[in-house]
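One structure is given below, encoded as C-alpha cells.
Where a number appears in this text, it was derived from the coordinates with a stated rule and is not lab data. Fair warning: this is a prediction, and the values are worked out from it, not measured in the lab. Don't worry about glycine lacking a Cβ; one is built from the backbone with ideal geometry, like all the others, and counts go over all protein chains shown.
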Number of protein chains: 2
Amino acid sequence: MRTHERVLAHLEEGIAAGRWGLGERLPGERQLAEDLGVSRPSVREAIRVLDALGIVRPGVGSGPTAGAVVIDRPAAGLGAAVRLHVATGTLPVRDVVATRVLLESWAVAQAAGRVADRAPGTAPHLEEARRLLARMEDDDVPAAEFLDLDQAFHLEFVRLAGNVLVEAVMTGLRGAIGGYVAVGIERLPSWPRTAARLRAEHRAVLDAVAAGDADAASAAVKAHIEGFSREAGV
Amino acid sequence: MRTHERVLAHLEEGIAAGRWGLGERLPGERQLAEDLGVSRPSVREAIRVLDALGIVRPGVGSGPTAGAVVIDRPAAGLGAAVRLHVATGTLPVRDVVATRVLLESWAVAQAAGRVADRAPGTAPHLEEARRLLARMEDDDVPAAEFLDLDQAFHLEFVRLAGNVLVEAVMTGLRGAIGGYVAVGIERLPSWPRTAARLRAEHRAVLDAVAAGDADAASAAVKAHIEGFSREAGV
DNA sequence: AGGGCGAAGTGGTCAGACCACATCCGCTAC
DNA sequence: GTAGCGGATGTGGTCTGACCACTTCGCCCT
C-alpha cells in the first residue's frame, strides 16, 4: 500500500468514526505527518484527494478558517468525476441523457408528491422556479444565460424531491449536460422557436408539480428532455 | 488559482482534446513539471487527483506499463466520493436506499426489455446471474459471502441494462450498501429465514428478466430492496 | 488604556535527492 | 552465431529541508 493511501485510510477512518465532524479541523499537515511517521508531501497528497472529492476545504492562515476543514460538497467530487469520464469518451452522452431522464422524471414525481402532501418547505423552491421561469421569458436573454437559468430551474425540482444523493449526482451531471446542450444549440434550425417551446414545456412541468400531479410532471419532464435531445441531435 | 489546479486544468484539457487517449501515457512527472514551469510535487498532486477519480493509473518501472496511463474506472471515483460522503453523515442511508431502488428498478426493466428484444450479449449476463444464484443456494455459505454474491447478482442486471453511468453510480454505491446491509443483518430476528426469502426474491427477479417482463422485474426488485430495508430497520 | 507590530502557525510551493522497480540494450561466454 | 546476464535508463514513490503568503493572537511600547 502506498504511503499516501495509508494516510487516506487513516483520515477516512477518523471521519467515519466521527473523530473529525463536519466543520471541524483536521490536524495540521506537519502534525499528521509526524503522527503517522510519514513525510509532509504524502500527507498533502491524501488531503488533496479529499479536497478534490469535496470532503475537506484547505484554508491558509491562522484562526478558525485555517487548516483542512471537514466540509461536504458531494457535487464537487461527483461532478469532477463525471466531467472527466465524459472527457475520456467512455461515458457516452446518450447514457448521460438517459440517466438524466431517469433521475429527473423521478424527482419531479417526488416533488409533486410532496406538494400534494402539503410537505413543509416546498413553497420556496416553487417560488424560485417561478422566478427563474420569469427570467427565461425575456426574448433578449442570450442562449448561454438561458441555459444557466434552465439548469437552475431543473435543479430546483431535484432539490424539492429531497434526496441528497440524487441531487449530488444531478449537480455533478450539470457540467456534462451543459456541454452537450451547448453543442446541441448550434445545430438547431431556429433557436428562438426552440426557446419558445422550451418555455412552454417548463411551464407545463411547473404547473404539474404545483398541482401535485406526479404522473403529469414526470411525463412532461421526460418529453422535455428527450424532445430537445432529439431535436439537437445529440 | 493554485498551481496544482493549473496542472489539472492542463491535463483535463488535453484529455478532452484527445491529446492523450485511453490506454496512452501522460508525459512523465518531471517532463510535465518542466513544460508547465512548476515543481514536481505540484504535478504529482494533480496526477494524484486523476488517480483517485479513476482517470489515470500510475505505473512504476519502465516500458509499456510505466508512467501515468489514461484508463477509465468510473466506479473508482464515484465510489470513493459516495463512501466518504456517507462517512461524514450528510448522506443519509435512507437516500442511498431510495436511489438504489430507483436505479435498480429502472435497470431490471431495461434488462428485461433487452431480453425481450433479443438484444445481443444478454445471455452471458443471465448465465452469470444464474451461477451466482446457485452459489447462494448453499445453506452453509456465511453471511458475508452471501452479501458479496448478492451484490454481484444485483450488479449483473445493472450491467445488462447497458448504461455506463448508472452502472458506475451503482458500483460506487456498492460500498455504502455493503455497510448498511452488514449492520442490518445484525438486527435480523433470523438470518437463515431471511436468507431463504432473499433467495426466493432473487429467483423472482431473474425469472422476470429472463421472461422479458419489465414491469414484473421492476416490482420484484423494488419489493426485494425495500423489504429487506424495512426488516433490517435501516 | 489603546494601538501597532512581530511571533507563531497554517497551507502552498519549490529544489534536490535517493529508492524500488521494470525494461532495454550491449557485452560476454559458450 | 547465439543465448544469457548485467548494467544503463527512465519511471513513479518518498523524503528532507526550506521559503513564501497569509491570518491571528498577544506582547510591548506609547
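Please list 3J(HN,Hα) in residue order for the range B:158-170, calculated via the Karplus relation 6.51 cos²θ - 1.76 cosθ + 1.60 where θ = phi - 60°; whole Hz, with x for glycine and proline.
The phi angles translate into 5, 5, 4, 5, x, 10, 4, 5, 4, 4, 5, 4, 5 Hz.
Counting each DSSP H run of 4 or more residues in the protein assembly as shown as -39500 (n - 2.57), what helix-only mean residue ellipticity at 222 nm follows after dividing by all residues, to the nearest 500 deg cm²/dmol?
Result for the protein assembly as shown: -24500 deg cm²/dmol, rounded to the nearest 500.
If the label for B:THR65 sits 7 angstrom from Cα along the Cα-to-Cβ line, what are its distances to the same label in every other copy, in nm to one decimal, shortest first?
Output for B:THR65: 4.8 nm, nearest copy listed first.
So if we plug the beta-carbon distance of B:ALA134 and B:VAL234 into 1/(1 + (r/R0)^6) with R0 = 30 Å, what FRET efficiency do we get, rounded to 0.05?
Plugging the Cβ-Cβ distance into 1/(1 + (r/R0)^6) gives 0.60.
Counting Lys and Arg as +1 and Asp and Glu as -1, each charge on the Cβ, what is the dipole of the range A:177-234 about the Cα centre in debye, to the nearest 20? Kindly include the intermediate steps, with their values, before the conclusion.
Numbers: 7 positive and 7 negative charges, 48 e Å.
With only Lys, Arg, Asp and Glu charged at Cβ, the dipole is about 240 debye.
For chain B, with a Gaussian network of springs between Cα atoms less than 10 Å apart, report the residue from B:ALA220, B:ALA152, B:ALA182 with the top mean-square fluctuation.
Maximum among the listed residues: B:ALA182.
Any idea what the B:ALA119 label distances to the other copies are, label 7 Å down the Cα→Cβ vector, nm, shortest first?
Spelled out, the distances from B:ALA119's label point are 3.1 nm.
Please list, ordered by chain and number, the residues whose modelled amide H lies under 5 Å from the amide H of B:GLY59; skip anything fewer than 5 residues away on the same chain.
HN-HN under 5 Å from B:GLY59: B:GLY67, B:ALA68, B:VAL69.
What is the packing order of peptides A:159-166, A:18-25, B:53-60, B:143-150, taking the mean over residues of other C-beta atoms within 10 Å and listing the highest first?
For the peptides A:159-166, A:18-25, B:53-60, B:143-150, the packing ranking is A:159-166, B:53-60, B:143-150, A:18-25.
Give me a single rounded figure for B:122-134: the average over its residues of other chain Cβ atoms within 10 Å of their Cβ.
Partner Cβ neighbours, averaged per residue: 0.
Going by a ≥ b ≥ c, the root eigenvalues of the Cα gyration tensor, does the range A:38-137 fall in the rounded group (a/c under 1.5), the prolate group (a/b larger than b/c) or the oblate group? Can you show the working numbers first?
Details: a/c = 2.79, a/b = 1.57, b/c = 1.77.
In terms of gyration-tensor shape, oblate.
Determine the shielding of peptide A:156-169 by partner chains: average, over its residues, the number of Cβ atoms on other chains within 10 angstrom of each Cβ.
Averaged over the peptide's residues, the number is 4.
Average the reciprocal distances over every distinct pair of alpha-carbons in the protein assembly as shown, invert the result, and give the Kirkwood radius in Å.
Working: mean 1/r = 0.0416 Å⁻¹.
Answer for the protein assembly as shown: a Kirkwood hydrodynamic radius of 24.0 Å.
Quick check for me: using +1 on Lys/Arg Cβ and -1 on Asp/Glu Cβ, what's the dipole size of chain A about its Cα centre, in debye to the nearest 20?
Details: 27 positive and 31 negative charges, 85 e Å.
Magnitude of the dipole: close to 400 debye.
Could you give, in nm with one decimal, how far A:GLU5 is from each other copy of that position, shortest first, with labels 7 Å out from Cα toward Cβ?
So the label point of A:GLU5 gives 2.9 nm to the other copies.
Compute the Cα gyration tensor for the range B:120-186, then decide on rounded, prolate or oblate, letting a ≥ b ≥ c be the square roots of its eigenvalues: rounded whenever a/c is under 1.5, prolate when a/b is larger than b/c in the other cases, and oblate in all that remain.
Taking the square roots of the gyration eigenvalues as a ≥ b ≥ c, the range B:120-186 is oblate.
How large is ³J(HN,Hα), in whole Hz, for each residue of the range B:54-64 in order, when computed from phi with the Karplus curve 6.51 cos²θ - 1.76 cosθ + 1.60 and θ = phi - 60°, using x for Gly and Pro?
My calculation for the range B:54-64 gives x, 9, 10, 10, x, x, 7, x, 10, x, x Hz in order.
Take the alpha-carbon centre of the range A:82-108, take the same for the range B:1-78, and report the distance between them in whole Å.
So the separation of the two Cα centres works out to 24 Å.
Rounding to the nearest 20 debye, state how big the charge dipole of the protein assembly as shown is about its Cα centre with +1 on each Lys and Arg Cβ and -1 on each Asp and Glu Cβ.
So the dipole magnitude of the protein assembly as shown works out to roughly 620 debye.
Across peptide A:41-51, how many C-beta atoms of other chains are within 10 Å of each residue C-beta, on average? All intermediate terms of the calculation are to be shown ahead of the outcome.
Numbers: counts 4, 0, 0, 5, 8, 2, 1, 9, 9, 3, 4.
What the average comes to for A:41-51 is 4.
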